[in-house]
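*Asks:* Following this message is one structure expressed as structure tokens.
None of the figures in this text is laboratory data; all of them are computed from the coordinates on show. Note that this is a predicted model, so its numbers are computed, not measured. Counting neighbours? That spans all protein chains shown, and the Cβs are built from the backbone with ideal geometry, glycine included.
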């Protein structure tokens, strides 16, 4: 099974 | 004062149609160089990045950089009123509270003017590093769109595998499993052509629901470029005369 990851776990806020 | 004249208003209609189901309220940044936006969808899974180059507008003026908070939902409603052949002027005073839109018919026979109320939006801006991707796939945007749409009938997750020779779109659902494989080729037929630029084999999973939303931009560009590296978001790029529209999508990962 797969789960959906989210973008802020890859890119940090500026 | 900010003012931009776009002779081909249809392109702006298409751009807004391509993002309105993902992002509802966004900050447009206007500078002397470009109109740009970066916005995540509500679930923080997908990101829209749009750049429209000032140099590609028929007329463009931006005396000082400004952030224009826009309801995409409402902008889409107003743009529906513009004819496909209309030119569009976007205008805002410095420190504006409204964005003025002027639609003019091809023969100047009709002019529509609307003031769209601007919003003050908190926006979370993500720093996206420039990076080399392991695999880049350039293919027909309509073909990619068709593949995603068809495979959505089987399941909600697309397994995308790219090696130096081919790209494989695989699905596995309750009704069974299947895959579509396309080999790299330089066909004269744009819908068959597939260019691969691969340094390392990649295999990743993505939500088809989002890919289908991104594919609304296939009306903007005949080609889509997919950039993939293991364990980072995929990028779909649609380039057109006025600029480019990119979508980032976080992968699905093994539980």
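*Asks:* If I go through the stretch B:16-31 residue by residue, how many of them are more than 14 Å from chain A (Cβ to nearest Cβ) and closer than 17 Å to residue B:99 by Cα?
*Replies:* 7
*Asks:* Okay, moving on. With the stretch B:30-81 as the region, which strands (runs of 3 or more DSSP E) entirely inside it contain at least 3 residues that are in contact with a helix residue (DSSP H, G or I) (Cβ under 6 Å, 6 or more places away or on another chain) and crowded, with 21+ Cβ neighbours inside 10 Å?
*Replies:* It comes to B:46-53.
*Asks:* Could I ask something else about it? What number goes with the only condition from (1) touching a residue at least 24 places away in the same chain (Cβ under 8 Å); (2) more than 15 Å from residue B:136 (Cα to Cα) that residue B:228 does not pass?
*Replies:* The one condition residue B:228 does not meet is (2).
*Asks:* Name the residues in the stretch B:194-247 that are assigned to a loop (DSSP other than H, G, I, E, B) and within 26 Å of residue B:4 (Cα to Cα), would you?
*Replies:* B:220, B:221, B:222, B:241, B:242
*Asks:* In the stretch B:82-95, which residues are out of contact with any helix residue (DSSP H, G or I) (no Cβ under 7 Å at 6 or more places or on another chain) and crowded, with 17+ Cβ neighbours inside 10 Å?
*Replies:* B:89, B:90, B:91, B:92
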